[in-house]
Amino acid sequence: MKSISLLIVGLFITSYALAQGNTERDKRIAEFLQQSRQEWRDLNVPFEDGKILHDIIVDNDYQSALEIGTSTGHSTIWLAWALSKTGGKLVTIEMDEGRQRQAKQNIEQLGLGDFVEFKLGNAHQIVKDLDGPFDFVFSDADKDWYVQYFKDIHPKLKQGGTFTAHNVLQRLRGIGEYLDYVQQHSDYQTHIDKTSSSGIAISKKQ
Ligand SMILES: C[S@@+](CC[C@H](N)C(=O)[O-])C[C@H]1O[C@@H](n2cnc3c(N)ncnc32)[C@H](O)[C@@H]1O
């Protein structure tokens, strides 16, 4: 009984802390993220990683963000929520139409539609065609293309901007090459967040 009460109090405190902005929309989003945290099934980021991305945007007041790999939109919600607080906008790319449809539905349902532009297609080409500039990037699609995404975005990333890449603690093809490349790049300071077992490489442009 005591442990159930503690759990309920814990959930309440986390929801409250997450709400931050305290508008009705903020409360709805915080509640949705809390309640759905175990329900994401489409290669989505864990809750903890979504919060890290959200906080980077809010703490740095970033306003022009890019996400590569929307899936059904868990990270997209975190990014769009952060941008709703900074007055920014997110471009997010996905090649699977069904996943994108679900992501759009989630974003609309939470009242975040004004903060997201969805692009459907192969990010290999779309990323090259984007004008930018961006001050925040989240790379979470095909890992063996991470280095190429980084090279394509580098000239479009503002000084002081941050490039993040997911799953860098996992043994996936392309990750080792990506880490070697970004950690040796003299324009970037990189550290790896190990909060979740996935890992996020966070590279700030100097
Ligand atoms: C790890 S999931 C993204 C999870 C999402 N960021 C989240 O947390 O909810 C990767 C997604 O990238 C998409 N993807 C993979 N390669 C792609 C490409 N070349 N262009 C566009 N999307 C791609 C996949 O269809 C998949 O939905």
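The values are calculated or read from the model by the stated rules, or taken from the named source; none is laboratory data. This one's a predicted model, so the numbers in the text were calculated from it and none came from an experiment. We place every Cβ from the backbone using ideal geometry, glycine too, and count neighbours over all the protein chains shown.
Cβ-Cβ below 6 Å, separation at least six or inter-chain, first residue in segment 146-172 and loosely packed, with under 14 Cβ neighbours inside 10 Å, second in a strand (DSSP E or B): which pairs?
Gln159/Lys205
When segment 90-147 is examined, which residues are found to be of a type in the set (Asp, Glu) and within 11 Å of the ligand (Cβ to nearest atom)?
Initial filter on segment 90-147 (of a type in the set (Asp, Glu)): 94, 96-97, 108, 114, 117, 129, 131, 135, 140, 142, 144.
Passing the criteria: Glu94, Asp96, Glu97, Asp140, Asp142, Asp144.
Pull up segment 158-177, narrow it to residues that are under 13 Å from Ile202 (Cβ atoms) and not in a loop (DSSP other than H, G, I, E, B), then point me to the one that is farthest from the ligand (Cβ to nearest atom).
The extreme case among them is Gly161.
Please verify whether Ile56 is more than 12 Å from the ligand (Cβ to nearest atom) and under 13 Å from the mean Cα position of the chain (by Cα), treating the condition exactly as stated. Walk me through how you get there before you give the answer.
Values: more than 12 Å from the ligand (Cβ to nearest atom): yes; under 13 Å from the mean Cα position of the chain (by Cα): yes.
Criteria met by Ile56.
Mind checking whether some residue in segment 3-18 is in a loop (DSSP other than H, G, I, E, B), outside the structural domain of Phe138 (by TED's automatic domain parsing) and modelled with pLDDT under 95?
Keep residues of segment 3-18 that are in a loop (DSSP other than H, G, I, E, B), which gives none.
So far as segment 3-18 goes, no, none of its residues is in a loop (DSSP other than H, G, I, E, B), outside the structural domain of Phe138 (by TED's automatic domain parsing) and modelled with pLDDT under 95.
Select, from Leu130, Leu157, Leu179, Leu172, the only residue that is modelled with pLDDT under 95, over 28 Å from Phe32 (Cβ atoms) and not basic (Lys, Arg).
Going through Leu130, Leu157, Leu179, Leu172 in turn, just one is modelled with pLDDT under 95, over 28 Å from Phe32 (Cβ atoms) and not basic (Lys, Arg): Leu172.
Here are Asn122, Asn106: which of them is closer than 24 Å to Ser196 by Cβ and surrounded by fewer than 22 Cβ atoms within 10 Å (Cβ to Cβ)?
On the way: Asn122 fails: closer than 24 Å to Ser196 by Cβ.
Exactly one of Asn122, Asn106 is closer than 24 Å to Ser196 by Cβ and surrounded by fewer than 22 Cβ atoms within 10 Å (Cβ to Cβ), namely Asn106.
For segment 76-89, how many residues meet the condition of being more than 12 Å from the ligand (Cβ to nearest atom), touching a strand residue (DSSP E or B) at 6+ places or on another chain (Cβ under 9 Å) and of a type in the set (A, V, I, L, M, F, W, C)?
2
Can you say whether Gly73 is among the small types (Gly, Ala, Ser) and either surrounded by fewer than 23 Cβ atoms within 10 Å (Cβ to Cβ) or more than 11 Å from the ligand (Cβ to nearest atom) (or both), as far as the supplied structure shows? So that I can check it myself, show each step before the final result.
Numbers: among the small types (Gly, Ala, Ser): yes; either surrounded by fewer than 23 Cβ atoms within 10 Å (Cβ to Cβ) or more than 11 Å from the ligand (Cβ to nearest atom) (or both): no.
Taking the combined requirement at face value, the residue does not satisfy it.
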